[in-house]
Amino acid sequence: MPDICRGEDTIVALATPSGPGGIGIVRVSGPLSAQLFRSVFRPVKPIKVIQSHRLYYGWACDPRDHTVIDEVLVVLMKAPHSYTKEDVMEIQCHSGSAILRRIIETLIGQGARLADPGEFTKRAFINGRIDLAQAEAVLDLTQACGDTAGQLAVRQLQGCLSKRIKDIRNTIKESIATLEVAIDYPDEELEIITETQLRELLITGAQNPLNSMIDAFDRGKIYKEGAEVLIVGRPNVGKSSLLNALACEDRAIVTPIPGTTRDTIEALLNIQGILVRLIDTAGIRPDPDAIETIGIERIRKKVKFAQAALWMLDLSEPLRPEDFGAPEILYVLQKRKKILIVFNKIDKVSAWESMAEKRASEIFSRLQEMAGGVWVGTSAITGEGLENLSRLIINKLLDEAPAEPPDIVPNLRQKEALETAVKSVNSAIGNISQGISPDLISIDLREAISALGEITGDSITDEVLDHIFSHFCLGK
Ligand SMILES: Nc1nc2c(ncn2[C@@H]2O[C@H](COP(=O)(O)OP(=O)(O)OP(=O)(O)O)[C@@H](O)[C@H]2O)c(=O)[nH]1
Ligand SMILES: [Mg+2]
């Protein structure tokens, strides 16, 4: 753990998003918190002894000129029972930016300094209230848009990942202790545990759980990070109308004029707990003008990162050659497996289902690779079929993912540390089978412990730490 103890300086930051809102919270942490409470807060009823975790009502004032800044509620949370384990003061005020700025300036004038991004959470980590995996869970929680992502983050904050890592480390430590007996008494038979038992211990207690967590990174990614889904098709089929209907707001401009959308337009949807970033795109047609050409180039770029795409067609009109521009662009999506065919404007077609079936077989006969593909009928105007479409989008996205998210999903940094650890464990297991000397096996195992320590923060450099916390927002 880095050699920094409790913050010597007192830090201050706005803990709520800036901009108009109900309330704004200014957060202070450090040894001056109680003193700042006394100097900037004028309670309506006199306070003899400030009680910890009690909300006081009064006025925030600038002690330099005694002006009243705002009507506030203030709480002091005395160390170690606070977010950072230091004395923490939080001032709840009206969230006007001028008021918040004035309060922060006043606190700085009285000896606090502006906090760095993530510094409150960094102090919680450095002061030992949470480990690094839990600190990263705080970041996930502040960014989680999908319900499942939120649940995964809160589980990590509760210490699930940390506990799993601790258990694995303990198994490895136990194995090292056994090997040390063999190193210290080389002539004795290894009686405490046989080689087979030692291998077994490492396989079940380290190798398997490490591999399953690494595996969960890919399988659980969609639950944690969500997915990008593109809507692609020729002009005027209703792509922007669909985006607006699914997002329940007028995000994109809709007109009967073909070529309305030129750029990509995004909307965030929460479908069955999964965050879906739906992207409306420019209509694809032959001989695009200069702006449309740029728009189509953007689709090509986006498609590389998309997990699925909706190929949209107008069921009320016959298939046109330009309809086939979309699958051409979407070809990179795993040989069209991730494309969902959407027949829109079903409200304009009587007996639309038989018409859609006919149209689908027409498509399949022209595009062999799409044969047997999934299609759905929708009306972006009446809303018919949209529920079905949402369900099918999730089915496509979860095609290779488990129906339920894994209980722990590591982030990229954690996955890389797990991979380093499992490599060392694999090498140790191999060396045990080959009867390699115990001190060499022990070196592998120590490397595994050190890699796991990077997840919990037991072995981490200041540089990595700074990098992690730089992704946090101010006041967190
Ligand atoms: N009847 C009916 N009209 C629709 C439906 N969806 C869209 N429209 C109409 O079709 C026209 C084109 O809709 P848009 O959503 O702008 O189509 P687009 O695919 O985004 O078009 P571009 O941006 O030009 O590529 C508009 O007049 C919409 O009101 C639908 O499901 N039923
Ligand atoms: Mg459009």
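The values are calculated or read from the model by the stated rules, or taken from the named source; none is laboratory data. Quick caveat: nothing in here was measured; it's all calculated off a predicted structure. With ideal geometry, Cβ positions are generated from the backbone for all residues, glycine too; neighbour counts draw on all protein chains shown.
Return yes or no: is residue 308 touching a residue at least 24 places away in the same chain (Cβ under 8 Å), in the same structural domain as residue 380 (by TED's automatic domain parsing) and of a type outside the set (D, E, K, R)?
Numbers: touching a residue at least 24 places away in the same chain (Cβ under 8 Å): yes; in the same structural domain as residue 380 (by TED's automatic domain parsing): yes; of a type outside the set (D, E, K, R): yes.
Yes: the conditions hold for residue 308.
Could you tell me whether residue 131 is in contact with a helix residue (DSSP H, G or I) (Cβ under 7 Å, 6 or more places away or on another chain) and outside the structural domain of residue 429 (by TED's automatic domain parsing)?
Here the answer is yes, as residue 131 does meet what is asked.
Every residue in segment 376-391 that is under 22 Å from residue 321 (Cα atoms) and either touching a Phe, Trp or Tyr at 6+ places or on another chain (Cβ under 6 Å) or surrounded by fewer than 15 Cβ atoms within 10 Å (Cβ to Cβ) (or both), please.
377
Which of the residues that make up segment 155-173 are of a type in the set (A, V, I, L, M, F, W, C) and over 23 Å from residue 464 (Cα atoms)?
If the condition is that a residue be of a type in the set (A, V, I, L, M, F, W, C) and over 23 Å from residue 464 (Cα atoms), then 172 is the only one that fits.
Is there any pair with a first residue in segment 109-137 that is without any contact (Cβ under 8 Å) to a residue 60 or more places away in the chain and a second that is β-branched (Val, Ile, Thr) and crowded, with 24+ Cβ neighbours inside 10 Å whose Cβ atoms are under 6 Å apart and which are 6 or more apart or on different chains, and what are they?
Note: pairs meeting the criteria are 124/84.
Is there any pair linking a residue in segment 248-272 that is within 16 Å of residue 380 (Cβ to Cβ) and touching a residue at least 12 places away in the same chain (Cβ under 8 Å) to one that is within 10 Å of ligand 1 (Cβ to nearest atom) and among the basic types (Lys, Arg), with Cβ under 7 Å and at least six apart or on different chains, and which?
Listed pairs, sorted by first residue: 261/239.
For segment 65-73, indicate whether the set of residues that are within 30 Å of residue 465 (Cα to Cα) and of a type outside the set (Ser, Thr, Tyr) is non-empty.
No, the conditions are met nowhere in segment 65-73.
For segment 380-476, please list each of the helices (runs of 4 or more DSSP H) lying entirely inside it that holds at least 3 residues being under 30 Å from residue 25 (Cβ atoms), within 29 Å of the chain's Cα centre (by Cα) and among the aliphatic types (A, V, I, L, M).
462-469
Scan (1) within 15 Å of ligand 1 (Cβ to nearest atom); (2) of a type in the set (D, E, K, R); (3) over 19 Å from residue 344 (Cβ atoms); (4) touching a strand residue (DSSP E or B) at 6+ places or on another chain (Cβ under 7 Å) for the single condition residue 251 breaks and write down its number.
(3)
Restricting the search to segment 284-306, which residues are assigned to a loop (DSSP other than H, G, I, E, B), under 14 Å from residue 330 (Cβ atoms) and within 12 Å of ligand 1 (Cβ to nearest atom)?
284 - this is the single residue of segment 284-306 that is assigned to a loop (DSSP other than H, G, I, E, B), under 14 Å from residue 330 (Cβ atoms) and within 12 Å of ligand 1 (Cβ to nearest atom).
Only one of (1) crowded, with 21+ Cβ neighbours inside 10 Å; (2) assigned to a helix (DSSP H, G or I); (3) not aliphatic (A, V, I, L, M) fails for residue 364. Which number is that?
(1)
If you go through segment 131-178, how many residues are closer than 19 Å to residue 272 by Cα, of a type in the set (Gly, Ala, Ser) and assigned to a loop (DSSP other than H, G, I, E, B)?
2
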